[in-house]
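Asks: This is the structure I have questions about; it appears just below.
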Amino acid sequence: MRSKILTAATAALLLTTAGCSTLERVVYRPDIDQGNYLVATDVSKIHTGMTQQQVAYTLGTPMMSDPFGSNVWYYVFRQEPGHEKVTQQTLTLTFNSNGILTNIDNKPALSKTK
């Protein structure tokens, strides 16, 4: 009789704590990486005056480009490690009407250690 009560109490305890956030770290959550993986050495090769073809050869095709013809390319890399804070790296490249790179906006700036 005593073992049945102990088993029932253990089962009830497990069921009531199953949804608690204290157990969240125990549950496996995979790392999720999305977008263009940016490396500081590749980004440092980009400079104003390059053509769109040269940039695409160095960094690959952009994740997004402006569909309305303003010649802006977006390289976005979003990283969501299992139980850590989400980080996002955005590289915005602006080209003139001739397809020449005129502006580079790298937020947040990549460090050389990556």
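Asks: Which condition does residue 78 not pass, out of (1) over 30 Å from residue 29 (Cα atoms); (2) open to solvent by 80 Å² or more (accessible area, probe 1.4 Å), if it passes all the others?
Replies: Among (1) over 30 Å from residue 29 (Cα atoms); (2) open to solvent by 80 Å² or more (accessible area, probe 1.4 Å), the lone unmet condition for residue 78 is (1).
Asks: Quick check on my filter: what residues within segment 62-97 are touching a residue at least 24 places away in the same chain (Cβ under 8 Å), within 15 Å of the chain's Cα centre (by Cα) and in a loop (DSSP other than H, G, I, E, B)?
Replies: 62, 63, 81, 82, 83
Asks: Residues being among the charged types (D, E, K, R) and either out of contact with any strand residue (DSSP E or B) (no Cβ under 6 Å at 6 or more places or on another chain) or open to solvent by 80 Å² or more (accessible area, probe 1.4 Å) (or both): count how many of those fall in segment 44-75.
Replies: Going through segment 44-75, the residues among the charged types (D, E, K, R) turn out to be 45, 66.
Add one more test, that the residue is either out of contact with any strand residue (DSSP E or B) (no Cβ under 6 Å at 6 or more places or on another chain) or open to solvent by 80 Å² or more (accessible area, probe 1.4 Å) (or both), and what stays is 45.
The qualifying residues number 1.
The values are calculated or read from the model by the stated rules, or taken from the named source; none is laboratory data. As the structure is a prediction and not an experimental result, all values here were calculated from the model. Note that we place each Cβ from the backbone using ideal geometry, even for glycine, and neighbour counts take in every protein chain shown. For accessibility, only protein heavy atoms count, side chains too; no ligands or nucleic acids. Shrake-Rupley method; radii C 1.70, N 1.55, O 1.52, S 1.80 Å.
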